[in-house]
1. Listed highest first by mean packing, meaning other Cβ atoms within 10 Å per residue, what order do 623-636, 410-423 come in?
2. May I have the convex hull volume per residue, in Å³, for the Cα set of the stretch 580-709?
3. What nm value, rounded to one decimal, do you get for the distance between residue 551 and residue 213 when each label is placed 7 Å out toward the C-beta?
4. By DSSP, what percent of the beta bridges with both residues in the chain are antiparallel, rounded to the nearest 5?
5. The stretch 503-519 to the stretch 411-434: how many Å between their Cα centroids?
6. Over the C-alpha atoms of the stretch 139-330, what are the Rg and the largest Cα-to-Cα span, Dmax, in Å?
7. Ratio of alpha-carbon Rg to the 2.2 N^0.38 Å globular estimate for the stretch 107-158, to two decimals, please.
8. Going highest first, how would you order 570-576, 538-544 by mean Cβ packing within 10 Å?
Ligand SMILES: Nc1nc2c(c(=O)[nH]1)N[C@H]1C(S)=C(S)[C@@H](COP(=O)(O)OP(=O)(O)OC[C@H]3O[C@@H](n4cnc5c(=O)[nH]c(N)nc54)[C@H](O)[C@@H]3O)O[C@H]1N2
Ligand SMILES: Nc1nc2c(c(=O)[nH]1)N[C@H]1C(S)=C(S)[C@@H](COP(=O)(O)OP(=O)(O)OC[C@H]3O[C@@H](n4cnc5c(=O)[nH]c(N)nc54)[C@H](O)[C@@H]3O)O[C@H]1N2
Ligand code: SF4
Ligand SMILES: [Mo]
């Protein structure tokens, strides 16, 4: 069946709308939708290569179950699979309490699914252990916005990229991770060559190549840099006194704090010269409008929330927020990381930007669900904490959906041990095998992109709806239906929705009167207009491109807050044993753990395999040339990768993309090295910094990535076969081995 239809790209948080032609078997053409506000006709190679992800040989089409992890999976029907899970869940809950259960989801689940999870686990099972891979991604931004501005929610919109005089890109590789926004920025710069683009990143990325000013900050040095900048802005009189007086709190403390900092120390930690910092301060003070775009370079740190606060401080100091072309704009990674935040998937949240530990918030949600007293006041376990609790046996069962933690979580040896100890692992995915489905007891087939209706929110608060384009393969079901059916299997009321529209319309009722008010974006309206930007409080409201234009912030006194934040060291520093800093991240052609982009030949040709990027000075010291095999070790694991010698990474630092997991080469993923240290408030892991050592693997020891044991296997194989014969007919085992 051939169709032509529109859909939202299931990859990054830009939220491009795509026009798809062809069938699920053969998508013949993908184009960007000209009228779409996010992408205006643009798209990137990943969006263009969605076709090959649909009818793949490894698509999961039926539920599968095994009664022991030693057994192979057996296909079964939905009723049996859900009944099996339900019996275990009920018994575990009765025996160990609701906190023995957990749901680990994703920013790639649609909002109706996330809402269903919140209602089921938090509202009905009394279990706040629902979290998301957004904990590895956006948790620091959520905590940063909340503490500085009073609520989560990016205040800006994509049009601000065209309107800003100065665009500061910090800890974001826009060119590879949000390519359509990067294209928009380049187009804007062509129209207005005077527009300034500044990039702050320890690696000279393709984004940095396009900058007017590039500051190679030392890894982890952002807070020191932002404080040095703040100090310099004070010195050159860039303070917007009227804004500070009328709309902020805590400026005097912040100013004293900045003045008490030693400028030389700040510069030393940031690894930058005084002139680089003063050049940037000059440009900020001259800019009529100043916009920051930031992503994982700020968030994926044990002080990610503080990095966010430090950046927001500069926007408050200069009054660069709450006006077109200005503001601190946290870019979301996944297509619906925003929806997860809005609908209460994170362990501390409830729908409508509410919090589980606020009594009023709980009461409102319980009242709406007709379940007084049902929600626990204790925030649940966050992503990394869940896996620690599994290993300790405190958590017994985990339901994983739309994420592949056996590749994407830090410290994978620990993650694998944790999953092996679980009494029940349910994995809801579109494919099998993945690194995580291989460790499951039950796998449930989810209908992927294109095979279901979809509602999500992109980085600029734009709610988007897209239709089902293709029939779901086999027995695959939309994610929300799987969870609603499970709730009904448990015998719970309130999950007998007839359509995704009914779930959505129920959810938006819980956003009424909140900052993320979507109550005017009803399903009927969304179907008609496809896009609406929240807040959208009534059915005739046109939607809101920018927050805080009235400069009233959602704090008790309506003022935004200056938060003085000190530089803190990353949790694990290089030393004599592990002298290099490892940073990890993404490549343009691939999406996360490769379950989809590895199916597209064009993308694989562009990035066929993993590597470690290393500076020429370090490479020379270690005797490494391009392509040589390098062994990387941290305190948690060892992997082997070919070297890519490039000046773009600073000496003392190496970069490894995290896309390739065990299915590509066993035991060789970047996350076997990374550290599971998490921040105090945001609980986000430090995926951008740990200490590693590097050794050249001698050609003779050879072998490929993944242990490099080729020759050794031959050697041991020969010995083993000789001893097999000896074991069969016992006798002497040969000549003395060592001649001394
Ligand atoms: N092609 C592609 N695009 C994607 C994704 C994908 O998998 N592939 N994933 C999506 C998702 S979920 C996300 S979260 C986003 C992530 O998007 P980005 O955050 O832009 O991507 P990353 O490569 O994780 O890291 C960004 C940059 O942070 C820098 N960095 C490392 N340490 C520091 C530091 O201490 N300070 C500063 N200032 N910078 C530092 C790295 O060098 C890197 O260039 O991308 C989204 N888009
Ligand atoms: N070292 C290091 N590690 C990182 C990062 C890093 O920068 N460095 N970044 C972190 C960040 S920001 C993120 S967001 C995570 C991402 O990491 P993951 O979330 O683990 O990555 P994905 O490969 O996107 O996993 C999505 C899973 O959902 C499945 N899937 C696809 N479509 C559907 C569907 O419609 N329904 C369901 N149920 N499943 C579906 C896919 O097959 C895949 O198994 O990685 C984190 N890990
Ligand atoms: S920029 Fe992001 S949303 Fe747009 S096509 Fe590329 S991956 Fe998809
Ligand atoms: Mo992410």
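1. Details: 623-636: 17.0, 410-423: 20.1.
In descending order of packing, they fall as 410-423, 623-636.
2. Details: hull volume 14.9 nm³, N = 130.
So the per-residue Cα hull volume is 115 Å³.
3. 2.5
4. 50
5. 34
6. Spelled out, the Cα radius of gyration and Dmax of the stretch 139-330 are 15.2, 42 Å.
7. Relative to the 2.2 N^0.38 Å estimate, the stretch 107-158 comes out at 1.33.
8. 570-576, 538-544
Laboratory data are not the source of any read-out in this text; all were calculated from the coordinates shown. Not measured: the values here are computed from a predicted model. No Cβ is skipped: glycine too gets one built from the backbone with ideal geometry, and neighbour counts run over all protein chains shown.
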